[in-house]
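These notes concern the structure reproduced below.
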Amino acid sequence: MNLFTLAISNLRRRPGRSLVVSASVGLALASSLSLVTLADSVGRNAGESADERGADMLVMSRNATDVFSSLISQDAGARLVSLEGIATASGELIMFAPIDRDRQNLITGWPADSFFWRDMPLVSGRVPRPGERAMVLGEGTAETLHTKVGDRFTIFDETFTVVGVAGYRSAINRSMIFVLLPDLQEIAFRQGQVTMFDLQLKPDAAPDAVKVAVERAGAFTAAPTDQMLARDRNIQVMRAVSRSVSLIAMVMGSLSVLNTLMMAVQERTREVGVMMAIGWSRWRTMSSIVFEGLLIGVGGCLFGVPMSFLIAIIFEHLPNVEGILTFRPTLTVLIPTLGASIAICAIGSFYPAWRAASMSPADALRRV
Amino acid sequence: MTQGVSDSKGGAPLLRLSGVNRVFDDGRITALRDINLSIEPGDCAAVLGKSGSGKSTLIHVMGGCDSITSGEILWRGEAVRDQKTWRRLRATEIGIIFQEFLLLPALTAIENVEMALLANGVPAAKQRRRSTELLDQVGLAHRMHHLPGALSGGERQRVAIARSIANDPTLLLADEPTGNLDSVNASLIVDLLLEIQRARGTALVMVTHDESLAERCPRRIVIRDGSIVGDGPTPGATGP
């Protein structure tokens with residue numbers, strides 16, 4: 001026998017207790033993991049939406065603190081496309097606007113010749129034709145509003161016809177409404193203005209060189225899609241809030257794991273007394289219990305990770321969440337969370353083991 | 001030599017308690033009062049006394065399982081003052097048997113015996129060989145893979161005895177080893193303990209309140225209200 005086989009024997013021969021303790025750890029882990037994943041999704045979804053449409057780089061006003069405060073003259077597009085390494089520059093106006101049924105929705109306007117229209121993954125209908133007041137709905141919005149091709153909709157009290165439904169994957173694109181740029185500029189009184197330019201680079205272009213060239217060409221700031229959105233003030237605030245939520249979730253989960261482990265070890269104080277009475281050193285006694293705690297932690301992870309995926313799937317289909325956020329646990333979330341869980345299990349079993357091993361064997365044996 | 005205590009000084013007893021007191025609850029309860037006692041190698045002593053007289057506390061103190069309030073305990077002439085030394089002694093020199101057997105419920109009989117060997121870092125294969133031999137010696141070769149819950153009281157105590165002698169102790173302390181057994185099993189367990197004491201030359205100190213079992217030990221120590229009131233040869237001792 002060694003400490004590992006001892007721990008395995010102890011867990012295997014108390015299947016009910018081992019299962020309940022591991023499940024408790026797993027539940028705490030699953031809830032923490034789900035909330036951390038949610039926090040992570042907030043920032044990730046924004047970057048994914050631009051990536052999915054095929055843009056390589058975004059250009060915004062240098063002084064803008066967030067995407068909605070950026071305003072650039074539409075004429076700047078010609079200047080940008082003349083720069084080395086840039087294949088196309090598509091102006092985009094983006095804003096929240098009032099639509100039917102007292103809703104505010106994210107609306108984006110693209111020029112009729114934008115590569116976005118060409119690459120749009122339509123699931124039904126078509127893209128708007130120049131001169132018609134038409135819109136394409138993201139699939140999530142279409143489902144939420146129970147709208148189909150041919151229906152009519154108002155934006156800023158102007159009526160648009162739904163001509164298509166786009167099947168994007170990212171949550172933001174799924175919840176977006178897409179119109180022609182001139183229409184949105186007109187109804188929002190933003191003639192000649194765009195929020196940003198979406199650039200497609202030539203295959204041999206060096207992104208760093210393009211960025212330098214763009215920023216020299218005017219009061220612009222340019223960055224790959226994910227980096228640009230990382231500087232967005234709104235996203236920074238959302239990330240800060242969601243990180244706070246996940247921190248609270250982690251603390252609560254940790255306390256739950258600690259409590260479970262401490263109770264599980266404390267009820268075995270008498271066994272610790274037996275170990276010491278037969279000559280086990282304090283170190284060996286504590287090691288055997290911490291080892292068991294680690295195995296419970298691993299069991300909790302095996303239970304908690306699939307559970308967190310299940311929670312994620314359920315979350316994605318909740319009426320108020322669907323189409324707004326996607327929950328995709330990533331390795332960057334999983335690895336630190338699992339590592340923290342196992343470490344907490346070690347700490348959670350170490351403390352009561354240390355307390356029990358600090359007693360005299362007679363005191364420990366007197367415990368019920 | 002055991003680390004923490006030196007070899008027996010010329011003529012020093014195996015274990016000596018000198019002026020030992022043990023009080024509980026901030027002095028409200030005195031469990032042991034000025035105990036002076038020596039155990040020599042190969043001794044065989046019964047500790048007799050009524051319930052609550054301090055017998056179990058005496059055994060706990062003799063094995064370092066409980067601390068003392070004042071006085072001194074010497075192992076082979078050297079004072080033992082810290083728990084670390086007591087743990088080493090319990091792993092190598094002192095075996096303890098409890099009335100409630102105190103086997104670990106999730107481990108089989110053989111694994112319970114192996115626990116004592118693991119205390120000394122004995123390799124797994126050697127643990128298994130030695131534990132098998134010991135369980136065979138106590139007549140449990142056929143029950144070694146059973147959990148304590150599946151063993152009778154007498155069998156459990158045999159496992160506890162095998163565990164207590166796994167590291168060839170020089171002193172065996174038994175705290176009412178027959179207290180939870182019927183008279184037949186009690187007699188068999190005492191037979192076994194006396195046989196071990198005789199065959200190995202192990203000193204045995206056995207707490208009991210059963211006069212007939214105590215008569216089988218050549219030395220009797222009588223304890224009353226925490227004080228030793230009698231320590232001498234057992235009149236008409238029948239063993240070992």
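Of the conditions (1) among the hydrophobic types (A, V, I, L, M, F, W, C); (2) under 23 Å from A:D66 (Cα atoms); (3) open to solvent by less than 10 Å² (accessible area, probe 1.4 Å), A:F153 satisfies every one except a single condition; which number is it?
Looking at each condition in turn, A:F153 falls short on (2).
Determine whether B:G49 is more than 26 Å from B:L192 (Cβ to Cβ) and either crowded, with 23+ Cβ neighbours inside 10 Å or more than 11 Å from chain A (Cβ to nearest Cβ) (or both).
no
The conditions are (1) buried (at least 23 other Cβ atoms within 10 Å of the Cβ); (2) free of Cβ contacts under 8 Å to residues at least 40 places away in the same chain, and B:G11 fails exactly one of them. Which is it?
(1)
Which residue, of A:E271, A:E215, is modelled with pLDDT of 85 or more, under 30 Å from B:L89 (Cβ atoms) and acidic (D, E)?
The conditions single out A:E271.
Can you name every residue in region A:106-118 that is open to solvent by 10 Å² or more (accessible area, probe 1.4 Å) and under 25 Å from the mean Cα position of the chain (by Cα)?
Of everything in region A:106-118, just one residue is open to solvent by 10 Å² or more (accessible area, probe 1.4 Å) and under 25 Å from the mean Cα position of the chain (by Cα), namely A:L106.
Identify all residues within region B:135-165 that are within 11 Å of B:I110 (Cβ to Cβ) and under 17 Å from the mean Cα position of the chain (by Cα); write none if there are none.
Within region B:135-165, B:V159, B:A162, B:R163 qualify.
When the residues of region A:188-230 are filtered to those that are hydrophobic (A, V, I, L, M, F, W, C) and free of Cβ contacts under 8 Å to residues at least 60 places away in the same chain, which remaining residue is least open to solvent (accessible area, probe 1.4 Å)?
Taking the candidates together, the pick is A:V212.
Does region A:124-145 contain at least one residue that is loosely packed, with under 13 Cβ neighbours inside 10 Å, part of a loop (DSSP other than H, G, I, E, B) and on the phi > 0 side of the Ramachandran plot?
Yes, region A:124-145 contains a residue that is loosely packed, with under 13 Cβ neighbours inside 10 Å, part of a loop (DSSP other than H, G, I, E, B) and on the phi > 0 side of the Ramachandran plot.
Residues checked against (1) of a type in the set (S, T, Y); (2) modelled with pLDDT of 95 or more; (3) under 21 Å from A:V272 (Cβ atoms); (4) more than 19 Å from the chain's Cα centre (by Cα):
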| position | (1), (2), (3), (4) |
| --- | --- |
| B:I29 | no, no, no, yes |
| B:L48 | no, no, no, no |
| B:G52 | no, no, no, no |
| B:K55 | no, no, no, no |
| B:D82 | no, no, yes, yes |
| B:R88 | no, no, yes, no |
| B:E100 | no, no, yes, no |
| B:L104 | no, no, yes, no |
| B:A116 | no, no, yes, no |
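Considering only residues of region A:1-15 that are not aliphatic (A, V, I, L, M) and not in a helix (DSSP H, G or I), which is nearest to the chain's Cα centre (by Cα)?
A:R14
Would you mention how many residues in region A:261-320 are open to solvent by 10 Å² or more (accessible area, probe 1.4 Å), part of a loop (DSSP other than H, G, I, E, B) and within 14 Å of chain B (Cβ to nearest Cβ)?
4
Cβ contacts < 6 Å: first residue touching a residue at least 24 places away in the same chain (Cβ under 8 Å) and on the phi > 0 side of the Ramachandran plot, restricted to region A:82-97; second residue in a strand (DSSP E or B) and open to solvent by 10 Å² or more (accessible area, probe 1.4 Å), any location; separation 6+ or different chain. Result?
From residues that are touching a residue at least 24 places away in the same chain (Cβ under 8 Å) and on the phi > 0 side of the Ramachandran plot, the pairs are A:G85/A:L201.
Which condition number does B:P235 fail, the rest of (1) open to solvent by less than 50 Å² (accessible area, probe 1.4 Å); (2) closer than 29 Å to B:A31 by Cα; (3) part of a loop (DSSP other than H, G, I, E, B) being met?
Every condition holds for B:P235 apart from (1).
Hey, any hits in region B:92-104 for a residue that's within 26 Å of B:L37 (Cβ to Cβ), touching a Phe, Trp or Tyr at 6+ places or on another chain (Cβ under 9 Å) and either among the charged types (D, E, K, R) or within 10 Å of chain A (Cβ to nearest Cβ) (or both)?
yes
Going by the structure shown, is B:A125 more than 8 Å from every other protein chain (Cβ to nearest Cβ) and either in contact with a Pro (Cβ under 7 Å, 6 or more places away or on another chain) or assigned to a strand (DSSP E or B) (or both)? Steps first, please.
Numbers: more than 8 Å from every other protein chain (Cβ to nearest Cβ): yes; either in contact with a Pro (Cβ under 7 Å, 6 or more places away or on another chain) or assigned to a strand (DSSP E or B) (or both): no.
For B:A125, the condition - more than 8 Å from every other protein chain (Cβ to nearest Cβ) and either in contact with a Pro (Cβ under 7 Å, 6 or more places away or on another chain) or assigned to a strand (DSSP E or B) (or both) - is not met.
Tell me which of these B:D168 doesn't satisfy, since it passes every other one: (1) among the acidic types (D, E); (2) under 13 Å from the mean Cα position of the chain (by Cα); (3) more than 25 Å from B:R76 (Cα to Cα).
(3)
Quick check: is even one residue across region B:133-142 closer than 27 Å to B:G64 by Cα and open to solvent by 50 Å² or more (accessible area, probe 1.4 Å)?
no
For region B:152-167, enumerate the residues that are in contact with a helix residue (DSSP H, G or I) (Cβ under 7 Å, 6 or more places away or on another chain) and within 14 Å of another protein chain (Cβ to nearest Cβ).
B:R156, B:V159, B:I161, B:A162, B:R163, B:I165, B:A166, B:N167, listed by residue number.
Each row is one residue, and each column tells you yes or no for (1) under 26 Å from A:L302 (Cα atoms); (2) more than 14 Å from chain B (Cβ to nearest Cβ); (3) in contact with a Pro (Cβ under 6 Å, 6 or more places away or on another chain); (4) open to solvent by less than 10 Å² (accessible area, probe 1.4 Å).
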| position | (1), (2), (3), (4) |
| --- | --- |
| A:V25 | yes, yes, no, yes |
| A:V36 | yes, yes, no, no |
| A:I86 | no, yes, no, yes |
| A:E92 | no, yes, no, yes |
| A:D100 | no, yes, no, no |
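In the set B:G64, B:G27, which member is farther than 25 Å from A:A357 by Cβ, out of contact with any strand residue (DSSP E or B) (no Cβ under 7 Å at 6 or more places or on another chain) and outside any strand (DSSP E or B)?
Being farther than 25 Å from A:A357 by Cβ, out of contact with any strand residue (DSSP E or B) (no Cβ under 7 Å at 6 or more places or on another chain) and outside any strand (DSSP E or B) holds for just one of B:G64, B:G27, which is B:G27.
Only one of (1) within 14 Å of another protein chain (Cβ to nearest Cβ); (2) over 28 Å from B:R220 (Cα atoms); (3) open to solvent by 10 Å² or more (accessible area, probe 1.4 Å) is not met by B:R28, so which one is it?
Result: B:R28 fails condition (1) only.
Tell me, yes or no, whether region B:128-135 has at least one residue that is more than 18 Å from A:I8 (Cα to Cα), of a type in the set (A, V, I, L, M) and more than 8 Å from every other protein chain (Cβ to nearest Cβ). Working first, answer last.
Initially, region B:128-135 is screened for residues more than 18 Å from A:I8 (Cα to Cα), giving B:129-135.
Next, from what is left, pick out any that are of a type in the set (A, V, I, L, M): B:134-135.
Going one step further and asking which of them are more than 8 Å from every other protein chain (Cβ to nearest Cβ), we end up with B:134-135.
Among the residues of region B:128-135, at least one is more than 18 Å from A:I8 (Cα to Cα), of a type in the set (A, V, I, L, M) and more than 8 Å from every other protein chain (Cβ to nearest Cβ), which makes the answer yes.
Open to solvent by 10 Å² or more (accessible area, probe 1.4 Å) and closer than 21 Å to B:L48 by Cβ: does that describe B:L192? Break it down stepwise before answering.
On the way: open to solvent by 10 Å² or more (accessible area, probe 1.4 Å): yes; closer than 21 Å to B:L48 by Cβ: yes.
Against the criterion (open to solvent by 10 Å² or more (accessible area, probe 1.4 Å) and closer than 21 Å to B:L48 by Cβ), B:L192 qualifies.
Could you grab me the full set of residues in region B:65-91 that are of a type in the set (G, A, S) and more than 8 Å from chain A (Cβ to nearest Cβ)?
To start, the set of residues in region B:65-91 that are of a type in the set (G, A, S) comprises B:67, B:70-71, B:77, B:79, B:91.
B:S70, B:G71, B:G77, B:A79, listed by residue number.
The values are calculated or read from the model by the stated rules, or taken from the named source; none is laboratory data. A quick note: this is a predicted structure, and the numbers were derived from the prediction, not measured. Don't worry about glycine lacking a Cβ; one is built from the backbone with ideal geometry, like all the others, and counts go over all protein chains shown. Remember, those area values only see protein heavy atoms, side chains included, never the ligands or the DNA or RNA. Shrake-Rupley method; radii C 1.70, N 1.55, O 1.52, S 1.80 Å.
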